[in-house]
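The structure under discussion appears below in the form of structure tokens.
The values are calculated or read from the model by the stated rules, or taken from the named source; none is laboratory data. Predicted model only: the values in this text are computed from it and were never measured. Cβ atoms come from the backbone with ideal geometry, glycine included; neighbour counts cover every protein chain shown.
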Amino acid sequence: MRARNDAVLGTTIRIPAVALVTRHDITVYTGSMPTQHTTKPLLIVIDLQKGWRHKTASEAAMLRTVELCKQFGGDVIHCRYRNDPASLFHSELHWYQFVDAPDTDEIPEIAALHLPSYWRTTYSCLTPELLPVIHNYGHVYIAGVFTDISVASTAMGIFDLNVPVSVVADCLATLHGEDVHLAALKSLAHAIGHQNLVTAESLMGS
């Protein structure tokens, strides 16, 4: 992936000078996150499914997410997508994929971890089933795909619940192109806080 100048929002992402790593002009926090409450953190993995696996666009981020799941110090769940034939995805977007297997199946690497799964038919993971779960945690982390759609909508929705939320920047991907991915990260930095773009390394064994 090529380097690019920060031209999307006309501003530079700045966070505390300690423990910073810059990847593709996206600055992410690599230090330990402070404990917000007495409860352990939650990692929400979004859509590590066969239909979204792409050799160059998403596979690397998916596999980094699997490794993070193995070493994360809190609880981990998998929020998975299924396309409901009665939804606007069919009637408005005329998109008929992801109704059933193999698209909706977990990739083998994440399936081997036997994570709790929460199904949804929406962009956001904030379903009635998952909302009570999220409120049990002092901090929520998000990894998976797509950066610009389900990750962004879920992260901002959790922020609106007054639950601290971070996205794991090096465990995110989109099939919509690098520019879209980077623009989504920049938007998230403004929406949920620059310090809440973190790396997988900072969370290993957290």
TODO: Answer with yes or no whether residue 104 is among the β-branched types (Val, Ile, Thr) and surrounded by fewer than 20 Cβ atoms within 10 Å (Cβ to Cβ).
DONE: yes
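Looking at region 108-133, which of its residues are touching a helix residue (DSSP H, G or I) at 6+ places or on another chain (Cβ under 6 Å) and under 18 Å from residue 76 (Cα atoms)?
Of region 108-133, the ones touching a helix residue (DSSP H, G or I) at 6+ places or on another chain (Cβ under 6 Å) are 109-110, 113, 123-126.
Residues satisfying the conditions are 109, 110, 113, 124, 125, 126.
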Task: Pick from region 65-85, criterion charged (D, E, K, R) and not in a helix (DSSP H, G or I), ranking: nearest to the chain's Cα centre (by Cα) - done: 80
Task: Answer residue from region 74-89, given it is over 16 Å from residue 142 (Cβ atoms) and not basic (Lys, Arg) and is surrounded by the most Cβ atoms within 10 Å (Cβ to Cβ) among those - done: 89
TODO: Scan (1) over 23 Å from residue 64 (Cα atoms); (2) buried (at least 19 other Cβ atoms within 10 Å of the Cβ) for the single condition residue 92 breaks and write down its number.
DONE: (2)
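Go over the candidates 145, 76, 140 one by one and state the one that is touching a Ser or Thr at 6+ places or on another chain (Cβ under 6 Å), closer than 25 Å to residue 196 by Cα and hydrophobic (A, V, I, L, M, F, W, C). If you could, list the steps in order and put the result at the bottom.
On the way: 76 fails: touching a Ser or Thr at 6+ places or on another chain (Cβ under 6 Å); 140 fails: touching a Ser or Thr at 6+ places or on another chain (Cβ under 6 Å).
Step by step, each of 145, 76, 140 is checked, and only 145 is touching a Ser or Thr at 6+ places or on another chain (Cβ under 6 Å), closer than 25 Å to residue 196 by Cα and hydrophobic (A, V, I, L, M, F, W, C).
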- [ ] Starting from residues that are under 25 Å from residue 201 (Cβ atoms) and acidic (Asp, Glu), keep the ones in region 132-178 and report whichever is surrounded by the fewest Cβ atoms within 10 Å (Cβ to Cβ).
- [x] 178
Open item on the list: Whether any residue in region 111-131 is under 25 Å from residue 180 (Cβ atoms) and touching a His at 6+ places or on another chain (Cβ under 6 Å) is what I want to check.
Closed with: no
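Here is a yes/no grid of residues against (1) within 25 Å of residue 187 (Cα to Cα); (2) in a loop (DSSP other than H, G, I, E, B); (3) at pLDDT 95 or above; (4) of a type in the set (Lys, Arg):
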residue: 3; (1), (2), (3), (4): yes, yes, no, no
residue: 10; (1), (2), (3), (4): yes, yes, no, no
residue: 28; (1), (2), (3), (4): yes, no, no, no
residue: 33; (1), (2), (3), (4): yes, yes, no, no
residue: 37; (1), (2), (3), (4): no, yes, no, no
residue: 55; (1), (2), (3), (4): no, yes, no, yes
residue: 63; (1), (2), (3), (4): yes, no, yes, no
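Answer yes or no as to whether residue 124 is among the polar types (S, T, N, Q) and either farther than 24 Å from residue 184 by Cα or at pLDDT below 95 (or both). Can you show your working first?
Working: among the polar types (S, T, N, Q): yes; either farther than 24 Å from residue 184 by Cα or at pLDDT below 95 (or both): no.
So residue 124 does not fit the description; no.
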Task: Matching residues in region 184-201 - criterion: being closer than 22 Å to residue 56 by Cα and surrounded by fewer than 18 Cβ atoms within 10 Å (Cβ to Cβ) - done: 201
